[in-house]
Structures are given as C-alpha cells and as structure tokens.
1. Within the group Ile38, Ile49, which residue is hydrophobic (A, V, I, L, M, F, W, C), surrounded by 19 or more Cβ atoms within 10 Å (Cβ to Cβ), in contact with a Cys (Cβ under 6 Å, 6 or more places away or on another chain) and under 16 Å from Tyr146 (Cα atoms)?
2. Test Trp99 against the criterion of being aromatic (Phe, Trp, Tyr) and over 19 Å from Thr53 (Cβ atoms), and give yes or no.
3. Condition first: among the aliphatic types (A, V, I, L, M) and under 13 Å from Asn42 (Cβ atoms). Now tell me which residues in the stretch 78-111 satisfy that.
4. Just to be sure I understand the filter: pairs with C-beta atoms under 9 Å, separated by 6 or more residues or on different chains, first member in the stretch 32-55 and on the phi > 0 side of the Ramachandran plot, second member open to solvent by 40 Å² or more (accessible area, probe 1.4 Å) and modelled with pLDDT of 95 or more. Which pairs pass?
5. Identify the residue in the stretch 55-77 that is of a type in the set (Ser, Thr, Tyr) and open to solvent by 10 Å² or more (accessible area, probe 1.4 Å) and, among all such residues, is farthest from Met34 (Cα to Cα).
6. So, in the stretch 63-103, exactly how many residues are of a type in the set (Lys, Arg) and farther than 23 Å from Val24 by Cα?
7. Filter the stretch 40-57 down to the residues that are within 19 Å of Asn94 (Cα to Cα) and within 18 Å of the chain's Cα centre (by Cα) and list them by number.
8. Quick check on this structure: which one of Arg32, Arg72, Arg77 is touching a strand residue (DSSP E or B) at 6+ places or on another chain (Cβ under 8 Å), under 25 Å from Leu132 (Cα atoms) and among the charged types (D, E, K, R)?
Amino acid sequence: MKKSKTGARSTCRKRRKRTKSPLVQMKARIDRLMSQYIRAKNIEEDGLIQCATCETRDTYKNMQCGHFMSRRYMNTRWAYNNQLPQCRACNMFNQGRQWLMGKQLDKRYGKGTAQRMYEQSRETKRWTLRELNALHNELERKVEKYNPRN
C-alpha cells in the first residue's frame, strides 16, 4: 500500500496475484507425479514403504520422494535413478542423508550410479515446455500402473 503525504495509507490499490508461467506450473506437476511414482513403485507386499536411508517403514502418504542430487539441478531433477523413498525425518530434518542415499543408489542401480548422478547434475539443462509435456505424459502412465489406490 502506498502512503500519502500525510502518512495515511491509501486503500484504493489492489495487489494483483502473480500467475505462474506454464513452465513453472508444469515443473510442479511433474514433481508431484514423480513423487507419487517413486513412492508407489516401492510399496512392498504389506503395503508399507521402506525408507532408503533408515529402518523406518511407513505408509504411502507418510513417505516422501528423496533426491540424491538436489532438485535444483535440472539435469537430474527427474532422473529415476536419482530418487528413492525416504521418511520425513531423513529427507527434511537430516538433509536427505546424502551419503547413505548415494550408497543405496549404488546398491539398487549398480556401482557408480551416485558418481554418475553427481557428474550429470553438474551439466546444464534447460527443459522446453514440449520436453516437460512428454515427461508429464510418461509419468502419468507410470503412476497409473502403480496407483496405490487401486
């Protein structure tokens, strides 16, 4: 709000809500789908998911999708072998326990996976809306296959 010369605030100006760009909106949708896919793919026979970095076993809704290399690195943000399910404590409060996550990636996807993810994350990647749409459609199909609500 703007102040007048007398110091009183003017109430006639309204703030406009910023609309997010289509690219930002699509990234958010893909993040949501990727999280659903990673968690659903790792549901065990008893309906629980094992945290990749500790002994915690919990339900689909209580687990999160942890990233070895942070989501800020666009080249590995949605790489399947950069993500595993994690409990809230490990993912949020223990900064993803990156070293243990790297060990789990190597165990599940083959030796050297963590190193490859590190190297790949350092490469620059600018996603186009067309690429993001294709990834979104692929993830929708994969999530549907593993849908835990079926």
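The values are calculated or read from the model by the stated rules, or taken from the named source; none is laboratory data. Computed from a prediction, not measured in an experiment: that's the story for all the values here. All Cβ positions, even for glycine, are placed from backbone atoms using ideal geometry, and neighbour counts span all protein chains on display. Areas reflect the complete protein model, heavy atoms only, side chains present, ligands, DNA and RNA absent. Shrake-Rupley method; radii C 1.70, N 1.55, O 1.52, S 1.80 Å.
1. Checking each option against the conditions leaves just Ile38.
2. When the stated conditions are applied, Trp99 does not pass them.
3. Correct list: Leu84 only.
4. Gly47/Thr59
5. Here is the first cut: in the stretch 55-77, the residues of a type in the set (Ser, Thr, Tyr) are 56, 59-60, 70, 73, 76.
If we keep only those that are open to solvent by 10 Å² or more (accessible area, probe 1.4 Å) too, we end up with 56, 59-60, 70, 73.
On the way: Thr56: 21, Thr59: 17, Tyr60: 13, Ser70: 14, Tyr73: 15 Å.
Looking at the filtered set, the residue picked out is Thr56.
6. Selection size over the stretch 63-103: 3.
7. Of all residues in the stretch 40-57, those within 19 Å of Asn94 (Cα to Cα) come to 49-57.
Of everything in the stretch 40-57, those that are within 19 Å of Asn94 (Cα to Cα) and within 18 Å of the chain's Cα centre (by Cα) turn out to be Ile49, Gln50, Cys51, Ala52, Thr53.
8. Values: Arg32 fails: touching a strand residue (DSSP E or B) at 6+ places or on another chain (Cβ under 8 Å); Arg72 fails: touching a strand residue (DSSP E or B) at 6+ places or on another chain (Cβ under 8 Å).
Just a single option satisfies the conditions, and that option is Arg77.
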